[in-house]
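What follows is a single structure, written as structure tokens, with notes after it.
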Amino acid sequence: MRLTLLFLFFAFMGITFTFGAETFAQKSNQSTGQPQRMKDFYLSNYKENGTRDWEIKGNEAKIDGQYVDIDKMEAKYYSKNDVMSVKSDKAKLDRDSMNASLKDNVEVKIPMEGSKDYTTITCDGPLEMEYTKGNAVFYNKVVVTNPDGKLYCDKASVFFDNTAKKIQRIVAEGNVKILKDDNVTFSQKATYYAQEQRVVLEGSPRIVYFPKESGAPK
């Protein structure tokens, strides 16, 4: 997996949420002190060359001080040839810290570098993002899918370097199962070190290999 793109995804999502929240605040009447609501909203931003930069939409947004709650949230960030996206039934943004919490039917789609394929990460949630601390945690029935294989676990933590804009490591924990080619790997913990492109399995790891039968069609 080209996991360095995951850092860019979280960075751009933090910026998108912040811009969106500020736009809501500008449109709302803050003098009442009551939460402001906007139904069936759509926000977008365009780059100087006229191409689309990002967009965010939802059934309803509620602004209460520094917090923005969004129902049925869908957001996309557009790069030159790719689109990164995230959606969830519920989303909550802290505008001061740029931390976000997504839950219920969370789906993240990240384009794979140099390919038209995507890495898709789903979980029941929550997905907790602490941008300033450089981490994001997927909880409950986490599934990571791309053409290289499939990973299942109870919890997946992504740690990245804000300065270098790179993934440092990804830690999958709890009932970890990795499907790749003809191999199935089981463990209680799997740590992926991005710089070395190395995976360390812990907690009674075992590998099951299913060889293809001789003469069987490929």
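Find, among the chymotrypsin sites (Phe, Trp or Tyr not before Pro) in segment 94-196, those assigned to loop by DSSP (not H, G, I, E, B) with at most 13 other beta-carbon atoms within 10 angstrom.
In loop regions of segment 94-196 (DSSP not H, G, I, E or B), there are no sparsely surrounded chymotrypsin sites (Phe, Trp or Tyr not before Pro).
List the trypsin sites (Lys or Arg not before Pro) in segment 150-209 that DSSP assigns to loop (not H, G, I, E or B) and whose Cβ has at most 16 other Cβ atoms within 10 Å. Which are they?
Details: sites: Lys150, Lys155, Lys165, Lys166, Arg169, Lys177, Lys180, Lys189, Arg198, Arg206; in loops: Lys165.
Sites meeting the loop and neighbour criteria: Lys165.
Given the pairs Lys141/Lys177; Lys90/Lys150; Lys103/Lys180; Lys72/Lys150; Lys155/Lys189; Lys109/Lys141, which span a C-alpha to C-alpha distance of over 20 angstrom in this model? List each step's numbers first, then the result.
On the way: Lys141/Lys177 12 Å; Lys90/Lys150 25 Å; Lys103/Lys180 28 Å; Lys72/Lys150 26 Å; Lys155/Lys189 10 Å; Lys109/Lys141 16 Å.
Too far apart for the 20 Å limit: Lys90/Lys150; Lys103/Lys180; Lys72/Lys150.
Any read-out appearing in this document is the output of simple, stated calculations on the displayed coordinates, not a laboratory observation. What you are looking at is a predicted structure, and each value in this text was computed from that prediction instead of being measured. In this analysis, Cβ positions are derived from the backbone assuming ideal geometry, glycine residues included, and neighbour counts consider all displayed protein chains.
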